[in-house]
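Asker: I have a structure here, written as structure tokens, and I will follow up with some questions on it.
The values are calculated or read from the model by the stated rules, or taken from the named source; none is laboratory data. Predicted, not measured: the structure shown is a model, and the values here were computed from it. Here Cβ is always computed from backbone atoms with ideal geometry, including for glycine, and neighbour counts include all displayed protein chains.
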Amino acid sequence: MFNNFDESKACRNCLLPEPYAQLNENQTCHECLSYRPHVVQGIAALQKELDTNKGKEKYDCMVAISGGRDSMYALYFAKKNI
């Protein structure tokens, strides 16, 4: 897919090449321009969000897991502590 990679036609931040990236005049793609970092708000904020939606649907929340250690621990932690 990237056999003939031309850096002059790729985003200067993430290297996503054209035509997959629409570059502006500064050679930056829309994805990099619109990126907003995730702000960790802590367990109390998560508990508040879950309490707001509790009982409204069949399930109170959904936890995405990949099967790796980190996501399995996140599921375990949520089940035991929240």
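Asker: Scan segment 20-55 for residues that are under 30 Å from Glu7 (Cβ atoms) and under 21 Å from the mean Cα position of the chain (by Cα) and report the count. It would help to see each step written out before you state the result.
Answerer: The initial filter retains those residues of segment 20-55 that are under 30 Å from Glu7 (Cβ atoms), namely 20-38.
From what's left, under 21 Å from the mean Cα position of the chain (by Cα): 20-22, 28-38.
Total satisfying the criteria: 14.
Asker: Another question, if that's okay. Tell me which of these Lys58 doesn't satisfy, since it passes every other one: (1) at pLDDT 85 or above; (2) under 22 Å from the mean Cα position of the chain (by Cα).
Answerer: Status for Lys58: all satisfied but (2).
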